There are 2 protein chains.
Amino acid sequence: MEFDTGAPIWGQLVTEFSRRIVTGEWAAGSRIPGVRELASELGVNPNTVQRALAELERRGLCRSERTAGRFVTSDEERIDAIRAELAHVAADDFIRRARGLGMRPAQALHLIEERWTHGDHTPADGARGGHDDV
Amino acid sequence: MEFDTGAPIWGQLVTEFSRRIVTGEWAAGSRIPGVRELASELGVNPNTVQRALAELERRGLCRSERTAGRFVTSDEERIDAIRAELAHVAADDFIRRARGLGMRPAQALHLIEERWTHGDHTPADGARGGHDDV
DNA sequence: GTTAGTGTATTAAGGTCTTAGTACAGCAAC
DNA sequence: GTTGCTGTACTAAGACCTTAATACACTAAC
């Protein structure tokens, strides 16, 4: 996985882990890989993974059993709520930026439609997390 | 202006200043307020403003005349290009996040349409720049 | 009991970001 | 010349993030 430079990695991991849960990549109730294993997979320090998982736990997406490991919550309503929340935040972020550029709704929708199948959807640069790539 | 905690302020200023230029709030060829004045307006340190403006200059959006101040570029083609680039990056960011959540184009478009006039478009939290708010 | 695997906590080091304060060079107005 | 305004440069301090390397408590398997 690649990370934005300038934004804390643990915050980006919260996003990634949330995504894995709401997409079912990490199924409800299933066991989450250990901090050392995740750290190895992601190429970061176990401490960084732990900080992200602690935040995930605070948000009610997982629970830790001190000696057996961490498990995704079995509360599917909670997972559904987070999925909707992530979608809303993504949409609102785009709307805020589009409005800031003076776009109208029709323009914005057309732009999304056009670029969805346009080809590359790489983050272009993804610098510093502030949407300031050029 | 409010800033995300965890993401460098100077990067967020690059975005904001770019937005002001491409929207015409800072007209092509016009003078940009001094670093001290901007710093006072934004509630940050003049050094932070200067770092953002230096980046803006690197991107060809402004030029500095060492004793008279900074001026927005008169190259309107460059401004148009940046405006398009900012729109594309915003769209691609949304598309990447929507796809990551398993959404289909029609769903994504409907979501944007629905929330454009939904009411509040506050950044919800905007923590750490990693789109990880819940 | 021993071993291995969990999550968790701690300390230290190095890096970046932000603020603060100061200083300098150059131009314009008086 | 003096004053005031620019951009620019520099140092120092504090805060946060990341990495690294341990260490501990607890459970399960043998």
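The values are calculated or read from the model by the stated rules, or taken from the named source; none is laboratory data. Since the structure is predicted, the reported quantities are computational estimates derived from the model, not experimental observations. As a convention, Cβ positions derive from the backbone with ideal geometry for all residues, glycine included, and neighbour counts pool all protein chains shown. Protein only, heavy atoms only, side chains kept; ligands, DNA and RNA dropped before computing areas. Shrake-Rupley method; radii C 1.70, N 1.55, O 1.52, S 1.80 Å.
For chain B, take the longest principal axis of its alpha carbons; what is the angle in degrees between that and the long axis of helix B:9-22, to the nearest 10 within 0 to 90? It works out to around 90 degrees. I'd like the trypsin sites (Lys or Arg not before Pro) in the stretch B:40-112 restricted to DSSP loop residues with at most 11 other Cβ atoms within 10 Å, sorted by number. Here the sparse-neighbourhood loop sites are B:Arg66. Excluding the site residues themselves, the longest part of chain B lacking any GluC sites (Glu not before Pro) in a DSSP loop with at most 13 other Cβ atoms within 10 Å is B:26-134. Report the calculated FRET efficiency for A:Glu41 and A:Ala84 (r = Cβ-Cβ distance, R0 = 35 Å), to the nearest 0.05. Efficiency for this residue pair is about 0.80.
Heavy atoms of chains A and B lose about 5200 Å² of accessible surface on contact, summed over both sides with a 1.4 Å probe. The fraction of all Cα pairs in the stretch B:77-118 landing in successive 10 Å bins from 0 to the largest distance is 27, 42, 24, 7, given as whole percents.
Within the stretch B:9-74, all pairs of alpha-carbon atoms sorted by distance into 5 Å bins from zero give the percentages 4, 19, 32, 30, 13, 1.
Per residue, the accessible area of the stretch B:1-130 comes to 51 Å², computed with a 1.4 Å probe over protein heavy atoms only. Helix B:76-100 and the long axis of chain B differ in direction by around 30°, with both axes built from C-alpha atoms. Here the ratio of the Cα radius of gyration of the stretch B:39-117 to 2.2 N^0.38 Å is 1.58. Remark: spin-label model distance B:Gln107-B:Arg59 equals 3.2 nm, labels positioned 7 Å along the Cα→Cβ axis. Considering only B:Gln12, B:Gln107, B:Gln50, the Gaussian network model of chain B with Cα springs below 10 Å gives its largest mean-square fluctuation to B:Gln107. The angle between the Cα long axis of helix B:105-116 and the longest principal axis of the Cα atoms of chain B comes to about 60 degrees, rounded to the nearest 10. Per-residue ellipticity at 222 nm from helix content only, as computed over chain B with -39500 (n - 2.57) for each DSSP H run of at least four residues, stands at -17500 deg cm²/dmol.
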